[in-house]
Amino acid sequence: MPPRQKAPMLHEDRFFDPDPTVRRHARSLYQETRDLPIVSPHGHVDPALLALDQPFPDPARLLVVPDHYVLRMLYSQGVPLEALGIPPRDGGAFERDPRRIWRAFAERWFLFRGTPTGAWLDHELYLVLGVTRKLDPSTADQVYDEIAEKLRSPEFRPRALFRRFGIEVLATTDAATDTLEHHRALAATGWGGRMIPTFRPDALFAIAAPGWAEELSRLAAVFQEPIRDLAAFLGALEGRRAWFRRHGATATDHGVEVPLTHRLEAREADALFRRGLAGEADAADQRRFEAHMLMEMARMSAGDGMVMQLHAGALRDHNRELLRRFGPNLGGDIPVATEYTRNLQELLNAYGNDSRFRLVLFTLDESTYSRELAPLAGHYPALRLGPAWWFHDSLEGMRRMRERTVETAGIRNLAGFNDDTRAFCSIPARHDLARRVDANWLAGLVARHVIGVDDAREMARALAYDLARETYRLDGVAADAREGVQR
Amino acid sequence: MPPRQKAPMLHEDRFFDPDPTVRRHARSLYQETRDLPIVSPHGHVDPALLALDQPFPDPARLLVVPDHYVLRMLYSQGVPLEALGIPPRDGGAFERDPRRIWRAFAERWFLFRGTPTGAWLDHELYLVLGVTRKLDPSTADQVYDEIAEKLRSPEFRPRALFRRFGIEVLATTDAATDTLEHHRALAATGWGGRMIPTFRPDALFAIAAPGWAEELSRLAAVFQEPIRDLAAFLGALEGRRAWFRRHGATATDHGVEVPLTHRLEAREADALFRRGLAGEADAADQRRFEAHMLMEMARMSAGDGMVMQLHAGALRDHNRELLRRFGPNLGGDIPVATEYTRNLQELLNAYGNDSRFRLVLFTLDESTYSRELAPLAGHYPALRLGPAWWFHDSLEGMRRMRERTVETAGIRNLAGFNDDTRAFCSIPARHDLARRVDANWLAGLVARHVIGVDDAREMARALAYDLARETYRLDGVAADAREGVQR
Amino acid sequence: MPPRQKAPMLHEDRFFDPDPTVRRHARSLYQETRDLPIVSPHGHVDPALLALDQPFPDPARLLVVPDHYVLRMLYSQGVPLEALGIPPRDGGAFERDPRRIWRAFAERWFLFRGTPTGAWLDHELYLVLGVTRKLDPSTADQVYDEIAEKLRSPEFRPRALFRRFGIEVLATTDAATDTLEHHRALAATGWGGRMIPTFRPDALFAIAAPGWAEELSRLAAVFQEPIRDLAAFLGALEGRRAWFRRHGATATDHGVEVPLTHRLEAREADALFRRGLAGEADAADQRRFEAHMLMEMARMSAGDGMVMQLHAGALRDHNRELLRRFGPNLGGDIPVATEYTRNLQELLNAYGNDSRFRLVLFTLDESTYSRELAPLAGHYPALRLGPAWWFHDSLEGMRRMRERTVETAGIRNLAGFNDDTRAFCSIPARHDLARRVDANWLAGLVARHVIGVDDAREMARALAYDLARETYRLDGVAADAREGVQR
């Protein structure tokens, strides 16, 4: 974590309850976790960032343009994406002047009051970047200049920040067909840090999607064998998993709208695959194929020990018009109600009793925390609950997650924190917020005499550090998976 | 708001958290909003009330008989509706003595402990009506007499109360076929207040309902043209919208069980309309027609700038037996789980990126706040979230709404408060409760150093006043819609 | 309640908010309810326990082996059920040494931090059993010995504990075909306590289940008449209900996955029954039959005054592998999203307006509290809401239940507390926790000036005692049902 943890704009006790008993305990618990190394086992930082170690371009392209949380709020209040530096796909005009983008953002800084984006950006501005003026429309230019100057200095290059942030391990998320060139290049530098890939094969399971054939060719190319049937496809996936593991991966990641799991007869699965090859698969075919492939991924994970992550319930590109005009990942994904109990029953019956297997579940549907996820995680040995995700990675969202899951699942069935961010400089901000929220939550339990101070101290450390390391098998896949069997 | 804001029965700090820091901030924030004018952009006050300005009849018919919140609680505890002055449709006996109705209510006053109805009635009794005794079974008659005496005085006539309450604008909800005679009569008096209608065409979209043909005749009559096909129907609706706008309306309102939106082929839509005309439409036809008409209403709103409100998820008249015996609106409506992400996708794709259009969404399904509504409102420029509605318009309900939406959508994507009441005298009570709850919620954010005091002050004012004016385009439909485009 | 209410390991103010105002009120409200008799109108204590009054065998078989909450948490963290003393069905090896089971539990005692199981066990260890050492891995053996010694003394026999716990009435849950031999044997002893059965006919409605024919034979046997058609079946059920009432029962209980209610034509219902007899019924048949039988149960309840309990939404034996290896009730049941508004409409329309009928609803889907259950209970005279159930019978779960139901339904439409436990020694722990949580919740309302201190005192007593007695008609079915009609 950055050495300078104080800034006059940020209250030392921010995010702690005002009750004096709670605050006292919160402060003291936070003292024990604030300086722990950052374990970031799931996120979307571009590996090129650290591999190339170029300076960040400018304040707008550091903090505004790539942040879909920022873009969606500004867009919701009528700011066109073009004005925020997003190029339309049709080649139309867009704002290229970073200072003007920054001003458009600074003028509407008030929109982020009470939001996690506001809290993260505060941390980034005043602690990570050391800005000395409070951001508001009148200081926009001065703050811009302050940041721009910092970005020119070597201490603000990505690898320097990685060290300053105290990152122990950073996992990226990478297509199954990725060559991992940046990971390899970075490793070859002997830089001393640990950046590891995560195996994400979603695009290869979308047999009805327009880009599927191309994606499959890419797989055949990197695997260096033709793929003409399901057996070859599964073989290639196993090969790629091994390749990822060789480059440090300990986990896979899977994003689905509906987390249906269902093993098909080998014949049917192969037929679906061939329909995909023939360009004849439809949406229903794809759903069945994906449900089957989740079973296959679980099977492989039980074998090779890679932790399987499942992010369910996002309806991607709800705003089709925005997708058409600008592309994906600009704030137009919207959650849907999600069912886990029935959808995961087949997978959990097949692999959930096996401690070699580990599944980390994420949800965007908070009603499932107490109804489905905590009861499942508090029973199946293979299951851990991921942290409050995306829209719920916030003060209130994290509190709700704790309050609705721990009474049933305990904290040892949680996966600890992960930041899930694309925004590199938000990593310390997000971990700091999470550590504060957990310190405060545990302080409340101590103040109500639900747990003792010593219990709380251990739990705080587990939530901030131990559980992430342990859940994601960061001390070795094979070792931990073997240990899992014995327990 | 009433000049007398104190009553010995009501604690000055009611509804504020006991923590001294929070309470101090809450008090001070509330001081800034308590005397702001009341903007009531959505509700169900009978326009005849102000147009005729007759004295309220008696305490029972002021506070008990017309209040479905009061009726449902008493009924749930075994009090027959007849005993509460509700006439059975079959002409059977019912209590006509208001004092006996009042006593039946006062004897069970304890049932309302901890309910918003209890809080609103406290405010009405002790602040609006100036009752000097605490209501309980032993004081029922004395309290009755106190109120009855007040109601005879001119200061307790509706228009006098309207002024005393500090109402800046009061919107009623009116059938699309309404002649707006009371609005016109009231305007003609030059009374100096602002009461505006809201265009509610639901009954005209229910092509399978028994009363539809009649409703359509009524439309043809007020529009003064025959309606024989869908084109004529749409023309009549546009005509009525213009008529409503001429009489001050800035909004439309739509109540649906399922908020499905889907544009049909013109041919299919017209065919459905004709099946309705032929008396052949069934429930499935009606659902498709309603989904299409929501698209048409959005299209018209994008054109004429009227704010479109959507109240979804109430299963009306769940208690069929009660409906048969007494009629609707007596407490027998029950919410159902409601889906917005998929159901609204077509409408939002067509109009949601257009700031000329504005949609205000309401829900009775709190699980959608953080899962669907806040993500939608924090993205689509056209969308605003209405306040916690109906069963959720309460201390805890409003708190949950803030905690689950603002982190994702911010407060600028909220519509501010509206009271949605049929009970005229509860208007100041409901706004006061909402202002107190928001002051307390913001005070909590200040006390946890999430926002600063100045931020909180601006947010409190926005939630109590500015957002309602701005959302409902009360300063002019055209102006605001144009402004929307530019932003 | 036990005379010794203090233990150095348990803070006197546990589970109360730290805010001094809230805590002061909470203490004082709790003082008024802590020593009230325990009314336990729904639970799963084995009637043989009190009938035979044998000493509890050992600490492991008292506190670990029979508690599915304990088993599921340990199992989720990789402890095989065999190691916890659960015999595999295939006759495989399992741990028979209670001390070794106890150690396996004590070593993982930290898993229960912040869980209700942890709170209940604390109460049982330090207050019920008077253990003088804090349980942890290092004291496991000593604590074992302390408990084992206690269990040998006559004061720790079930009936002695029943008296010490201050149990006024304890309801068990019994198959409709049960001969109630233990209830009769116990009554014959003139022991002075009150243990009553509850009529649970679920197994008789499962016409597609493998064991149904056998269950039906059992019914015919105890009813002493052949059952060849639906009419005979209904007659036998009525006979059994009367038999249960003669032995003290005041309630029935029904567990369903989906709470669908629907009356079939007599002919169809009879045909389904006959398909069951012929061994030809399938799952769809069973669903329709169960929906019909819920209507029949309501009809009978409206006639004989037995309170109908409905526990909906548990998917039983989600973990089929565990069921196959060890049997049911070991922690493998998982909740599913549950719909009440539409599913119960037919039953509530038929019987919900009739105060002779009483239905107590339970849910595992907290999203239904404010959306469906509170609106239903705040309207239908026949309906009461059961307490926060199973996974939600916890500090946070009970708080959420109050916060989401009382504003709409008031407390008089709640059923008070019931412990629903199989673990006899957890009865005082569970009631104490509930009383503390309610005292604290009410204290919060007082501190925020939502209710007065006197109101809170009455409400605390109602929630702890009165509502359970009244809801379950423990002062006499007929009397109360008659009274219901008059109200």
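The values are calculated or read from the model by the stated rules, or taken from the named source; none is laboratory data. This is a predicted model, so every value here is computed, not measured. Here Cβ is always computed from backbone atoms with ideal geometry, including for glycine, and neighbour counts include all displayed protein chains. Just so you know, the surface numbers come from the protein's heavy atoms only, side chains and all, with ligands and any DNA or RNA stripped out. Shrake-Rupley method; radii C 1.70, N 1.55, O 1.52, S 1.80 Å.
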Suppose the filter is farther than 26 Å from B:VAL131 by Cβ, of a type in the set (Asp, Glu) and within 14 Å of chain C (Cβ to nearest Cβ); does B:ASP17 pass it? yes
For residues that are within 7 Å of another protein chain (Cβ to nearest Cβ) and free of Cβ contacts under 8 Å to residues at least 24 places away in the same chain, scanning just the stretch B:372-399, find the one that is farthest from B:MET306 (Cα to Cα). B:GLU396
Evaluate the following for C:ALA464: is it out of contact with any Gly (no Cβ under 9 Å at 6 or more places or on another chain) and either surrounded by fewer than 24 Cβ atoms within 10 Å (Cβ to Cβ) or modelled with pLDDT of 95 or more (or both)? no
Failed item, numbered, when A:LEU315 is tested on (1) in contact with a Leu (Cβ under 9 Å, 6 or more places away or on another chain); (2) under 30 Å from B:ASP365 (Cα atoms): (1)
Could you say whether any residue in the stretch B:360-368 is within 22 Å of the chain's Cα centre (by Cα), facing chain A (nearest Cβ under 7 Å), farther than 23 Å from B:ARG263 by Cβ and among the hydroxyl-bearing types (Ser, Thr, Tyr)? yes
Within the stretch B:306-321, how many residues turn out to be surrounded by 22 or more Cβ atoms within 10 Å (Cβ to Cβ) and more than 10 Å from every other protein chain (Cβ to nearest Cβ)? 7
Quick check: is even one residue across the stretch A:391-409 assigned to a loop (DSSP other than H, G, I, E, B) and at positive phi? no
Being within 14 Å of chain C (Cβ to nearest Cβ) and not in a helix (DSSP H, G or I) is the filter here, so list the residues in the stretch B:61-85 that pass it. B:ASP67, B:GLN77, B:GLY78, B:VAL79, B:PRO80
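Residue by residue, here is whether (1) open to solvent by less than 20 Å² (accessible area, probe 1.4 Å); (2) within 14 Å of another protein chain (Cβ to nearest Cβ); (3) over 20 Å from C:HIS449 (Cβ atoms) holds:
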site: B:LEU111; (1), (2), (3): yes, yes, no
site: B:THR115; (1), (2), (3): yes, yes, no
site: B:VAL131; (1), (2), (3): yes, no, no
site: B:LYS134; (1), (2), (3): no, yes, no
site: B:PRO137; (1), (2), (3): no, yes, yes
site: B:GLN142; (1), (2), (3): no, no, yes
Write out, first by first residue and then by second, each pair whose Cβ atoms fall under 9 Å of each other, whose residues are 6+ apart or on separate chains, and whose first residue, in the stretch B:338-352, is within 9 Å of chain A (Cβ to nearest Cβ) and over 13 Å from B:ALA298 (Cβ atoms) while the second is open to solvent by 20 Å² or more (accessible area, probe 1.4 Å) and of a type outside the set (Gly, Ala, Ser). B:GLU339/B:VAL258; B:GLU339/B:LEU260; B:ARG342/B:LEU260
Return yes when A:LEU364 is at negative phi, part of a loop (DSSP other than H, G, I, E, B), touching a strand residue (DSSP E or B) at 6+ places or on another chain (Cβ under 6 Å) and modelled with pLDDT of 95 or more and no when it is not. yes
Within the stretch B:201-226, the residues that are touching a residue at least 40 places away in the same chain (Cβ under 8 Å), open to solvent by less than 50 Å² (accessible area, probe 1.4 Å) and farther than 19 Å from B:ARG288 by Cβ are B:LEU219, B:VAL222
A:LEU36 passes all but one of (1) open to solvent by 10 Å² or more (accessible area, probe 1.4 Å); (2) assigned to a strand (DSSP E or B); (3) among the aliphatic types (A, V, I, L, M); which number fails? (2)
Looking at (1) among the small types (Gly, Ala, Ser); (2) in contact with a Ser or Thr (Cβ under 7 Å, 6 or more places away or on another chain); (3) open to solvent by 10 Å² or more (accessible area, probe 1.4 Å), which is the one condition that is false for A:GLY43? (3)
Could you check the stretch A:400-413 and list, in sequence order, the residues that are in contact (Cβ under 8 Å) with a residue 40 or more places away in the chain, out of contact with any Gly (no Cβ under 8 Å at 6 or more places or on another chain) and open to solvent by less than 20 Å² (accessible area, probe 1.4 Å)? none
A:LEU445 fails exactly one of the following numbered conditions: (1) closer than 26 Å to A:ARG371 by Cα; (2) of a type outside the set (D, E, K, R); (3) away from chain C (no Cβ under 12 Å). What is the number of that condition? (3)
The one condition A:ARG96 fails out of (1) touching a residue at least 24 places away in the same chain (Cβ under 8 Å); (2) away from every other protein chain (no Cβ under 14 Å); (3) not hydroxyl-bearing (Ser, Thr, Tyr) is (1)
C:VAL258 fails exactly one of the following numbered conditions: (1) touching a Leu at 6+ places or on another chain (Cβ under 7 Å); (2) under 25 Å from C:ASP333 (Cβ atoms); (3) among the β-branched types (Val, Ile, Thr). What is the number of that condition? (1)
So, B:GLY444, is that one over 21 Å from the mean Cα position of the chain (by Cα) and small (Gly, Ala, Ser) or not? yes
Exactly one of (1) within 14 Å of chain A (Cβ to nearest Cβ); (2) crowded, with 24+ Cβ neighbours inside 10 Å is unmet by C:PHE417. Its number? (1)
Would you check if C:ARG324 is over 30 Å from C:VAL64 (Cα atoms) and open to solvent by 30 Å² or more (accessible area, probe 1.4 Å)? no
Is it true that B:ALA443 is within 26 Å of B:GLU168 (Cβ to Cβ) and open to solvent by less than 10 Å² (accessible area, probe 1.4 Å)? yes
